[in-house]
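Peer 1: Here it is: the structure, laid out below.
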Amino acid sequence: MKEEIKAPVPPFSYEEAVQKVRMAENAWNSKDANKISFAYTKDSQWRNRDLFINGRDEIVEFLENKFAKEKEYRLCKELWAYTENKIAVRFAYEWKDENNQWYRSYGNENWEFAKNGLMQKRFACINDLKIDAKDRKLNWEGNSRPEKFPSLSDLNL
C-alpha cells in the first residue's frame, strides 16, 4: 500500500505553514467530513473543547454532528506560530443554531504533523459568543473564503 502524503511536508518554511493553514481552512469550509478527515493520520488524536477524538472514524462522526448543528458555518484561520512539524493557529468562525441565533466562535489550535504531512495531533480551545446577524463579519458566498477577503487581523478579530 502506498503511503499517504499531504504536501507540504515537514520541516515547514513560513510559506508552507501559511499554505497548510489555508488548506485546512478551505477543507473545513467545505463541510465535507470525509474529505476533511483525510488531512489527518488514521490514528490522529484530537482534543476539541471537552471532547477527546481518536482516529478518522471519530473525526468524521464529530464533524458530521458539528456541521448539522452549526448552520451557515464560515471559518477564517490565521497562522500564529510554527516550527519544523508544528503549527499554531488562531481562528474565528460564525454559525447559527436551529433557532437562528448567530454565534462567533473564537479559538486557537495546536497542530503536530507526521513526516508525511498528515496532522497527527490537534488540540483546540474554543469560546462561543452570541452575536446579532448584523454583526457578522465572515459573510462571503460559497464554501471558501475569497483570496481578497480580509484576514482575522484585518477584521480586528
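Peer 1: Which residues, counting only those in segment 90-127, are more than 24 Å from residue 44 (Cβ to Cβ) and either of a type in the set (D, E, K, R) or surrounded by 14 or more Cβ atoms within 10 Å (Cβ to Cβ) (or both)? Lay out the reasoning, then the answer.
Peer 2: Restricting attention to segment 90-127, the residues satisfying the condition of being more than 24 Å from residue 44 (Cβ to Cβ) are 94, 96-104.
Across segment 90-127, the qualifying residues are 94, 96, 97, 98, 102, 103, 104.
Peer 1: Give me the residue from segment 57-90 that is touching a residue at least 60 places away in the same chain (Cβ under 8 Å) and of a type in the set (A, V, I, L, M, F, W, C) and, out of that set, nearest to residue 157 (Cα to Cα).
Peer 2: Among those that are touching a residue at least 60 places away in the same chain (Cβ under 8 Å) and of a type in the set (A, V, I, L, M, F, W, C), it is 76.
Peer 1: Another question, then. Taking the conditions exactly as written (part of a helix (DSSP H, G or I), closer than 12 Å to residue 118 by Cα and within 16 Å of the chain's Cα centre (by Cα)), does residue 59 satisfy them or not? Can you show your working first?
Peer 2: Numbers: part of a helix (DSSP H, G or I): yes; closer than 12 Å to residue 118 by Cα: no; within 16 Å of the chain's Cα centre (by Cα): yes.
Judged against the criteria, residue 59 is not a match.
Peer 1: What number of residues within segment 27-56 satisfy the criterion of being assigned to a helix (DSSP H, G or I), among the polar types (S, T, N, Q) and free of Cβ contacts under 8 Å to residues at least 60 places away in the same chain? Steps first, answer last, please.
Peer 2: Going through segment 27-56, the residues assigned to a helix (DSSP H, G or I) turn out to be 27-30, 33-37, 55-56.
Narrowing further to those that are among the polar types (S, T, N, Q): 29-30, 34, 37.
Keeping just the survivors that are free of Cβ contacts under 8 Å to residues at least 60 places away in the same chain gives 34, 37.
Residues meeting the conditions: 2.
Peer 1: Would you mention how many residues in segment 129-138 are under 12 Å from residue 93 (Cα atoms) and out of contact with any strand residue (DSSP E or B) (no Cβ under 7 Å at 6 or more places or on another chain)?
Peer 2: Here the count works out to 1.
Peer 1: If we keep just the residues of segment 109-152 that are over 16 Å from the mean Cα position of the chain (by Cα) and not in a loop (DSSP other than H, G, I, E, B), which is nearest to residue 55 (Cα to Cα)?
Peer 2: Per the stated criteria, the residue is 129.
Since every read-out is calculated from the coordinates, none of them should be taken as a lab result. Everything numeric here is computed off the predicted structure, so don't read it as measured data. In this analysis, Cβ positions are derived from the backbone assuming ideal geometry, glycine residues included, and neighbour counts consider all displayed protein chains.
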